[in-house]
Amino acid sequence: MRINQAEAIERLQRGEVVAIPTETVYGLAADARNDLAVANIYATKQRPANNPLIVHIGRTEQVADWASSFPPLAQRLAAAFWPGPLTLVLPARAEVSAAVRAGEPTVALRVPAHPVALALLNESGLGLAAPSANKYTQLSPTTAEHVEAGLGADIPVLDGGDCQVGIESTIVSVHEDGWRLLRPGMIDEAAIAAVAGTPASVDASAQIPKAPGQHLLHYSPRTPCLLFSSRQAMADYAQQYPHAVALLFGAGVAVTAKDTHLPATPAQAAEQLYAALHILDAAHADVILIESPPNTAAWDAVRDRLQRAAYQPKRQND
Ligand code: TXA
Ligand code: MG
């Protein structure tokens, strides 16, 4: 169900959930100060309660409403990348709901760059807790249609068109002695290090929060996915599976009769990645064969999502 900004604000103020566009993926938003509203997010997504949520804010000045400290390193990252696809994990103020933090002492914050999201945040003045607007472990949505396909036609959606970044934000935790990359995204580690002025910390003894939601089976289509490091190996495999479909990066040798080609540049591939997987998943194939993208840092975020999509829990008898 498509709704406009005014109705979105009314529903959010009443404690309901609303799917909203961001530049990365669509989020399932609710008032982060209202525990019942936050409980609605977990229920709608069927997400375990030990997986904390990102709080979206309209302006950097609002960090002080949520975080008990805003270290200079985090301020530099915010100044460089907000509004944008970067989430900062900072020490939480005591009054930030344990439902949002999932019991962690930290809170994840982000100022999104999508004009519709920013207008909603600044007009309502709310802090919006919003995970990706999909059922737990399923593919993230990058269009209003994806949201409705995954969560049902009754879910209220503020339609902001196609997401331009296409994969979830980079998550960086900032602690006293430095920073750590918790989830790769299109702002890559080198860009973070350049602004932070220090490389990511490797000192295991430092006080570093974890990203509890980073389990392997994530971003998964319903069709089994297999990741291949060579196109020849894919083609060999495809011979045994006439109902296989393939996802490839760049042009070149065909693998199946139904190949989908993504661009050979990381930003364009990321933008189109989930839409391509949604379509391949709807093709009723036996298996989705996926070409592993180049083994370079620029492809880290895309490779991370594909490795999680393709993860198969090891069977007992294997
Ligand atoms: O681009 C994005 O980040 C999108 C859009 C909607 O903003 N949101 C998103 O949310 O991807 P979600 O819930 O699918 O992923 C949030 C990740 C989870 O892995 C969660 O564990 C981690 O952020 N996270 C949230 N709060 C945290 C915290 N306090 N400490 C460590 N990790 C945290
Ligand atoms: Mg998600």
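Ordered from largest to smallest accessible area (heavy atoms of protein chains, 1.4 Å probe), the residues Thr44, Thr170 come out as Thr44, Thr170.
Taking amide H positions as modeled 1.01 Å from N, with prolines and chain starts lacking one, the residues under 5 Å from Leu262 and 5 or more places away or on another chain are Leu248, Phe249, Gly250.
Measuring spread by the Cα atoms of the range 44-106 yields a radius of gyration and Dmax of 12.4, 37 Å.
Relative to the longest principal axis of the Cα atoms of the chain, the long axis of helix 300-310 lies at roughly 70 degrees. 3J(HN,Hα) along the range 123-133: 5, 7, x, 7, x, 10, 6, 8, x, 4, 8 Hz, from the Karplus curve 6.51 cos²θ - 1.76 cosθ + 1.60 with θ = phi - 60°, whole Hz, x for Gly and Pro.
Phi angles of the range 160-174 translate, via the Karplus equation with coefficients 6.51, -1.76, 1.60 and θ = phi - 60°, into HN-Hα couplings of x, x, 6, 6, 7, 7, x, 10, 4, 4, 5, 10, 10, 9, 10 Hz per residue; Gly and Pro are given as x.
Rounded to whole numbers, the Karplus 3J(HN,Hα) couplings from phi for the range 48-63 are x, 6, 8, 10, x, 10, 7, 9, 9, 10, x, 9, 4, 4, 6, 3 Hz, using 6.51 cos²θ - 1.76 cosθ + 1.60 with θ = phi - 60°, and x at Gly and Pro.
Based only on the alpha carbon positions, what is the Kirkwood hydrodynamic radius of the range 1-98, in angstrom? It is 14.8 Å. Dipole magnitude for the chain: computed about the Cα centre from +1 point charges on Lys and Arg Cβ and -1 point charges on Asp and Glu Cβ, it is near 500 debye.
Among bridges DSSP assigns within the chain, what percent are antiparallel (round to 5)?
Values: 18 of 41 bridges.
Bridges in the chain are about 45 percent antiparallel.
Between the helical axis of 266-281 and the longest alpha-carbon principal axis of the chain there is an angle of about 70 degrees.
For the range 107-199, the mean projected area of the C-alpha convex hull, equal to one quarter of the hull surface, is 7.4 nm². Amide H contacts of Gln138 (H built 1.01 Å from N, in plane; Pro and chain starts excluded): Tyr219, Ser220 sit under 5 Å, all sequence-distant by 5 or more or on other chains.
For the chain, the fraction of alpha-carbon pairs lying more than 35 Å apart is 20 percent, rounded to a whole number.
Given a cut-off of 17 Å, what percent of all Cα-Cα pairs of the range 225-309 lie beyond it?
Details: 1444 of 3570 pairs.
Taking all Cα-Cα pairs of the range 225-309, the fraction more than 17 Å apart is 40 percent.
The values are calculated or read from the model by the stated rules, or taken from the named source; none is laboratory data. As the structure is a computational prediction, the values presented were derived from the model and not from experiment. So basically every Cβ, Gly included, is an ideal-geometry build from the backbone, and we count neighbours across all protein chains shown. The area values use the complete protein model at the heavy-atom level, side chains included, leaving out ligands, DNA and RNA. Shrake-Rupley method; radii C 1.70, N 1.55, O 1.52, S 1.80 Å.
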